[in-house]
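Undergrad: Got a structure for you, questions after.
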Amino acid sequence: MLRHTFQEIDLEGLKHNVRELGRFAKGKLRMAIVKADAYGHGAKECATAAIEAGADWLGVATPEEAEDLVFLGKPILILSPVGKEATKDSVRLGISLCAFTKDHIKTASEMAKKAGKKAKLHIKCDTGMGRIGIRSEQELMEVLACADENVEIEGIFTHFSTADEADLRYTEKQLEAFRRYIAIVNRMGFHPIVHAANSAAILGLPDAHFDMVRMGVAMYGYFPAADFDKKDADLRPVMSVKSCISHIKEVDIGESISYGRHFIAKRKSLIATVPIGYADGYMRANSNKAFVLAKGKRVPVCGNVCMDQIMLDITDVPDLSIGDEVVLMGRQGSECITADELAAYAGTISYEILTSFKGRMPRIYEHGR
């Protein structure tokens, strides 16, 4: 039984985005970032589509995410540090690991020796993100000195904190620091895959492309920030969120809608109910702010978003009926509601909007429209 509230995932759109990002990073390896269930789009399906479009690597955040994708036969990097047991399993499965401490190297070596395999490690450098990674040249040399015959220094990488901003001076400083780290690694006899470019840097900072780029939010059709300089990139949003009208009623002037009575009818109104709520990822911050699309027109959300349902003021679109399609995010006719628009209502970013749609909402995978 298919619920009438669902995500629609355009896999051909995703493939287009992978190819488009390849146009900006010609000749470079491409890592498809499919962490967080591919930003809420479905990791297995999106990873498969990305590979079909030319992705060389997969990037994830957790051991579980990596293990679920081993069957695809592509190299996988866990971008965050993992514990001892996960290191053991990752070495056994040939999954590449993030490393930036002596303990990381020693644990990986120990597990690799026991498994009779080599641990594949990517050295993470904190050049200014302030999250994880090696923070000094001396620290880098000490960590690399722990590498023995049981480990392969397969990669070295960093992450930019402000590459999506117009002022790139801080990003340039990060690049300078990263180049110093690369030089040390090379002097010590290692020649790993070098990667730094996130979506913003793929599109706007060619000097950061190195050997491989990491396709994140742009692979799903969104620019890294709503005001990002889009260059000439043609990105197509991959996810739509749809539902239908479940109930329509008339209300009189002065009647209230939903919890807290934050919507009071100022005219005789036609109110529709739609079976989607914050339990599905449609944020409560959309209350009395957001619009949905119905019959190709923008219709306002009225009252507080509930756990399972929302209400719409359809007074100005009186020809709507129960069962009619409602688009919460995506395109209908000439109108479009984007994750950036929903993010603005919630005071957040498109990434959070995309990863919020999950759980009980089924996904329908479209192979082109």
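The values are calculated or read from the model by the stated rules, or taken from the named source; none is laboratory data. Treat the numbers as computed from the prediction; the structure is a model and nothing was measured. Cβ: placed from backbone, ideal geometry, glycine included. Neighbour counts: every protein chain shown.
Undergrad: For Leu140, which of the numbered conditions (1) touching a strand residue (DSSP E or B) at 6+ places or on another chain (Cβ under 8 Å); (2) in contact (Cβ under 8 Å) with a residue 40 or more places away in the chain; (3) within 19 Å of Lys84 (Cα to Cα) fails to hold?
TA: Failing condition for Leu140: (3).
Undergrad: Does region 346-369 hold any residues that are of a type in the set (Gly, Ala, Ser) and over 17 Å from the mean Cα position of the chain (by Cα), and which are they? Before the answer, list the steps.
TA: Initial filter on region 346-369 (of a type in the set (Gly, Ala, Ser)): 346-347, 350, 356, 359, 368.
Within region 346-369, Ala346, Gly347, Gly368 meet the criteria.
Undergrad: Residues Asp252, Asp234: which one is farther than 25 Å from Leu14 by Cα and surrounded by fewer than 22 Cβ atoms within 10 Å (Cβ to Cβ)?
TA: Numbers: Asp234 fails: farther than 25 Å from Leu14 by Cα.
Residue meeting the stated conditions: Asp252.
Undergrad: Go through the residues of region 93-106 one by one and say whether even a single one is over 24 Å from the mean Cα position of the chain (by Cα), surrounded by fewer than 24 Cβ atoms within 10 Å (Cβ to Cβ), polar (S, T, N, Q) and under 23 Å from Thr127 (Cα atoms).
TA: Yes, region 93-106 contains at least one residue that is over 24 Å from the mean Cα position of the chain (by Cα), surrounded by fewer than 24 Cβ atoms within 10 Å (Cβ to Cβ), polar (S, T, N, Q) and under 23 Å from Thr127 (Cα atoms).
Undergrad: Counting just the residues of region 10-41 that are crowded, with 24+ Cβ neighbours inside 10 Å and β-branched (Val, Ile, Thr), which one comes out nearest to Ala233 (Cα to Cα)?
TA: Here the residue is Ile33.
Undergrad: Still on this structure, please answer the following. How many residues does region 1-36 contain that are in a strand (DSSP E or B) and of a type in the set (Val, Ile, Thr)?
TA: Adding up the residues that qualify gives 2.
Undergrad: I'd like the full set of residues that are closer than 18 Å to Val60 by Cα, touching a helix residue (DSSP H, G or I) at 6+ places or on another chain (Cβ under 8 Å) and not polar (S, T, N, Q), limited to region 187-213. If you could, list the steps in order and put the result at the bottom.
TA: Let us first name the residues in region 187-213 that are closer than 18 Å to Val60 by Cα, namely 193-199, 212-213.
Going one step further and asking which of them are touching a helix residue (DSSP H, G or I) at 6+ places or on another chain (Cβ under 8 Å), we end up with 194, 196-197, 199, 213.
Passing the criteria: Val194, Ala196, Ala197, Val213.
Undergrad: Right, another one. Looking at region 135-215, what helices (runs of 4 or more DSSP H) fall wholly within it and have at least 1 residues that are closer than 15 Å to Ile105 by Cβ?
TA: Once the helices (runs of 4 or more DSSP H) in region 135-215 are filtered for at least 1 residues that are closer than 15 Å to Ile105 by Cβ, what remains is 137-144, 169-187.
Undergrad: Separate question: Which condition number in (1) in contact (Cβ under 8 Å) with a residue 12 or more places away in the chain; (2) assigned by TED's automatic domain parsing to the domain that holds Lys15; (3) assigned to a loop (DSSP other than H, G, I, E, B) is the one that Lys231 fails?
TA: So the condition that Lys231 fails would be (2).
Undergrad: So, one more: Could you please let me know if Ile156 is surrounded by 18 or more Cβ atoms within 10 Å (Cβ to Cβ), out of contact with any helix residue (DSSP H, G or I) (no Cβ under 7 Å at 6 or more places or on another chain), closer than 19 Å to Arg30 by Cβ and at pLDDT 95 or above?
TA: Details: surrounded by 18 or more Cβ atoms within 10 Å (Cβ to Cβ): yes; out of contact with any helix residue (DSSP H, G or I) (no Cβ under 7 Å at 6 or more places or on another chain): no; closer than 19 Å to Arg30 by Cβ: yes; at pLDDT 95 or above: yes.
So Ile156 fails the test.
Undergrad: Now a separate question. In region 194-216, is there at least one residue being over 24 Å from Thr338 (Cα atoms) and either hydroxyl-bearing (Ser, Thr, Tyr) or not assigned by TED's automatic domain parsing to the domain that holds Ala115 (or both)? Spell out how you get there, then give the answer.
TA: Filtering region 194-216 down to residues over 24 Å from Thr338 (Cα atoms) leaves 194-197, 205-213.
Next cut, either hydroxyl-bearing (Ser, Thr, Tyr) or not assigned by TED's automatic domain parsing to the domain that holds Ala115 (or both) only: none.
No, region 194-216 contains no residue that is over 24 Å from Thr338 (Cα atoms) and either hydroxyl-bearing (Ser, Thr, Tyr) or not assigned by TED's automatic domain parsing to the domain that holds Ala115 (or both).
Undergrad: Can you tell me how many residues within region 53-72 are farther than 22 Å from Asp211 by Cβ and surrounded by fewer than 20 Cβ atoms within 10 Å (Cβ to Cβ)?
TA: Taking region 53-72 first, the residues farther than 22 Å from Asp211 by Cβ are 62-65, 67-68, 70-71.
Adding the requirement that they be surrounded by fewer than 20 Cβ atoms within 10 Å (Cβ to Cβ) leaves 62, 64, 67-68, 70-71.
So the answer is 6.
Undergrad: Let me ask something else about it. If you go through region 338-345 one residue at a time, do you hit one that is among the small types (Gly, Ala, Ser) and over 17 Å from the mean Cα position of the chain (by Cα)?
TA: Step one: of region 338-345, the residues among the small types (Gly, Ala, Ser) are 339, 343-344.
From what's left, over 17 Å from the mean Cα position of the chain (by Cα): 344.
Checked region 338-345: at least one residue is among the small types (Gly, Ala, Ser) and over 17 Å from the mean Cα position of the chain (by Cα).
Undergrad: Determine which member of the set Ser258, Ser199 is of a type in the set (Ser, Thr, Tyr), buried (at least 21 other Cβ atoms within 10 Å of the Cβ) and within 26 Å of Thr355 (Cβ to Cβ).
TA: Ser199
Undergrad: Still on this structure: For region 135-144, check the following and say yes or no: at least one residue is in contact with an Asp or Glu (Cβ under 9 Å, 6 or more places away or on another chain) and under 13 Å from Cys98 (Cα atoms).
TA: The answer is no, given that none of the residues of region 135-144 is in contact with an Asp or Glu (Cβ under 9 Å, 6 or more places away or on another chain) and under 13 Å from Cys98 (Cα atoms).
Undergrad: Follow-up. Could you check region 104-132 and list, in sequence order, the residues that are among the hydroxyl-bearing types (Ser, Thr, Tyr) and in a helix (DSSP H, G or I)? Even if it seems obvious, please write down each step before you answer.
TA: Of region 104-132, the ones among the hydroxyl-bearing types (Ser, Thr, Tyr) are 107, 109, 127.
Within region 104-132, Thr107, Ser109 qualify.
Undergrad: Here's a follow-up. Among the residues of region 74-88, how many are more than 25 Å from the chain's Cα centre (by Cα) and farther than 19 Å from Lys102 by Cβ?
TA: Step one: of region 74-88, the residues more than 25 Å from the chain's Cα centre (by Cα) are 84-85, 88.
Next cut, farther than 19 Å from Lys102 by Cβ only: 85.
Number of matching residues: 1.
Undergrad: Another one. Mind listing just one residue for me: the one in region 149-203 that is in contact (Cβ under 8 Å) with a residue 40 or more places away in the chain and charged (D, E, K, R) and, of those, farthest from Leu97 (Cα to Cα)?
TA: The residue in question is Glu165.
Undergrad: Shifting gears a bit: Within the bounds of region 260-267, is there any residue that is closer than 30 Å to Glu12 by Cβ and of a type in the set (Val, Ile, Thr)? Reasoning before the result, please.
TA: The first filter runs over region 260-267 and keeps only residues closer than 30 Å to Glu12 by Cβ, leaving none.
Looking through region 260-267, none of the residues is closer than 30 Å to Glu12 by Cβ and of a type in the set (Val, Ile, Thr).
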